[in-house]
Amino acid sequence: MGAATDHVVINLTIQSSGLARQGFGIPLILSHTASFVQRIRYYSSLAAVIADFPVDGPEARAAAVIFAQQPHPRLIAIGRAAGTVLQQYDIGISAVQVGQLYEITAKGRGFADGVASYLALADLPFAVGDVNTATDTISEPGHGMATGDGPFRLSTTGTLPTGTGIAVDTNVFIIAVDVNSYKLATSKANALANTAIDITAAGSGTHTLQRGVNDVIIAQLVAGLATVLGSNFTVSQIAGAGQTDKLRAVATAGTSWASLSIDDPDVMSIAQTHASPSNVLLTADLDAILKADQGWYTLLTNYNSSAYVQDAEAWVEVNGRTYAWDTCDSACVTTDVSGGTDVGAQSLSAGYAASMGCYHPSPANFLAAGIMGRWLPTDPGKATAKFKTLELVTPVTLTDSHKVRLRGIPGTPGGRRMNSYEQVATDRPFFWESFVFSAVYKFIDIRRNADFLSDGLQKALLGVLVGNDIVPQTPEGTSQLAQAARGFAAQAITQGVLRAGATVTKPNFDDIPQADLDNRNLPGLVLSGSFAGAVHTVIPVDVNLTF
């Protein structure tokens with residue numbers, strides 16, 4: 001709340017059927033790695049951002065997407081948060097199938113872009129008689145494996161062969177003796193060095209070299225992703241009951257940031273699962289940034305776990321700003337919203353009116369930054385965020401089921417009230433739907449238009465109070481204030497925020513309570529009207545034909 005609210009308070013109510021901010025169209029990227037002393041800096045170009053931040057970091061990447069839009073904001077802000085985030089991803093397998101390619105694409109700060117992948121192979125069963133303890137070999141005609149392949153795992157219907165490093169849920173690697181036999185090693189390095197496990201007993205039952213089960217797929221991806229991310233993240237296999245292990249990647253420092261993405265959310269699952277900062281709360285950082293400078297309007301964040309997003313949403317809701325975030329959380333498109341625990345379901349349950357959630361499988365696309373970079377430069381009432389084509393943002397491939405879970409059925413909002421960016425026509429992708437999570441405000445442009453009305457009306461009335469030596473407590477004085485409100489209403493109609501017909505009424509002077517007269521307050525000034533809104537769908541279109 002600004003100081004102006006000590007003198008003019010606007011109560012804006014939307015029914016279904018401060019001074020104007022200088023930076024009404026300015027987004028703020030929240031940084032947890034900024035090194036400057038002040039809480040906020042403004043930038044007019046990508047080159048200026050890169051002078052302060054690494055080009056492969058989230059701040060520069062988000063800024064690149066914003067400044068690529070046409071039009072784009074004149075300025076962007078970057079706010080310095082003191083809280084530390086240790087980014088964390090959890091990745092699982094939703095559908096196990098031999099011949100399926102499982103991939104994780106990694107982009108981020110401090111490492112080269114890369115892909116961890118594994119093509120699931122068929123399991124290879126072998127009998128006790130196939131194990132030669134004298135040579136430590138296992139016979140498998142035409143096994144097709146090469147030295148260093150793995151990690152794989154072993155299972156059995158009886159007792160596994162005996163040897164150091166042979167156990168259930170334990171990785172083994174291949175030493176290809178020839179096309180028909182192989183040995184086992186405890187590590188890739190040992191396999192390449194031809195250091196085999198000494199098998200002292202063949203065990204009992206039927207054994208299987210597992211190459212296409214959940215836990216092996218995860219083990220393969222862990223090994224591959226650890227190579228890509230290097231020392232920036234610790235990549236581990238989190239054990240689950242049966243074949244339910246998951247991959248977890250955790251940043252080794254607060255300066256580490258990565259975008260991890262999967263190709264098909266129906267085959268793999270992914271979510272950012274880190275906690276919100278605890279050493280300095282996110283709300284405290286945002287309070288400090290807003291106190292330092294109020295010249296920005298929309299918050300953008302880069303560490304969008306459910307816990308982090310919910311903290312930011314709660315703050316924005318009561319601080320006169322809007323918030324656009326994107327998520328790669330696959331549960332948003334693969335699970336029904338009822339009973340959902342993903343970030344979209346949680347935001348919908350809270351009914352936030354100032355937050356717009358977007359789904360994109362790749363955080364490195366910065367979808368939220370892109371749409372805000374394209375839409376914020378337009379004046380309130382002059383544009384909707386829907387239908388905007390974006391630069392540097394890759395369209396998302398979505399099935400009908402995915403879209404229903406995100407937004408409901410076209411023309412009938414539902415699902416999580418979330419948004420995305422899709423190739424709708426062959427020549428043009430565009431952003432849809434511009435929903436917020438509130439069923440009252442419905443769309444992000446309505447939220448901004450409401451803020452415009454509150455701020456503009458406050459400015460108009462305060463302008464009368466400040467611009468005159470006295471506004472008398474008389475019928476003429478109250479008319480002066482009402483006329484200022486009518487002037488602003490006319491501006492809002494011209495700008496496309498309100499429909500024609502908006503009215504301003506003032507109380508009958510004789511009906512003003514004595515307490516208000518004594519306190520020099522004018523109650524009961526009312527602006528009534530309807531938002532102009534926008535057309536987002538044309539459903540149905542009836543075509544009647546005759547011969």
Requested in this report: Find all pairs meeting these conditions: Cβ atoms under 7 angstrom apart; at least six residues apart or on different chains; first residue within the range 273-299 and closer than 28 Å to Asp445 by Cβ; second residue of a type in the set (Asp, Glu).
Outcome: Leu282/Asp311; Thr283/Asp311
Requested in this report: Among what's in the range 446-481 and is in a loop (DSSP other than H, G, I, E, B) and polar (S, T, N, Q), pick the residue that is surrounded by the most Cβ atoms within 10 Å (Cβ to Cβ).
Outcome: Gln473
Query raised in the report: Can you tell me which residue in the range 287-309 is surrounded by the fewest Cβ atoms within 10 Å (Cβ to Cβ), limited to those that are touching a helix residue (DSSP H, G or I) at 6+ places or on another chain (Cβ under 6 Å) and assigned to a helix (DSSP H, G or I)?
Result: Ser306
**Report entry** Hey, Ala284 more than 17 Å from the chain's Cα centre (by Cα), among the aliphatic types (A, V, I, L, M) and in the same structural domain as Trp375 (by TED's automatic domain parsing) or not
**Finding:** yes
Report summary line: Taking the range 502-529 and keeping only residues that are outside any helix (DSSP H, G or I) and of a type in the set (Gly, Ala, Ser), one is left with Ala502, Gly524, Ser528, Gly529
Requested in this report: Tell me, please, whether a residue that is among the aliphatic types (A, V, I, L, M), more than 25 Å from Phe67 (Cβ to Cβ) and modelled with pLDDT under 95 can be found in the range 404-412.
Outcome: yes
Report task. Grab the strands (runs of 3 or more DSSP E) fully contained in the range 55-144, keeping just those with 2 or more residues being β-branched (Val, Ile, Thr). Result -> 76-80, 88-93, 101-108, 137-139
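The values are calculated or read from the model by the stated rules, or taken from the named source; none is laboratory data. Since the model is a prediction, treat every value here as computed from it, not as a measurement. Reconstructed Cβ throughout: ideal geometry from the backbone, glycine too, with neighbour counts over all protein chains shown.
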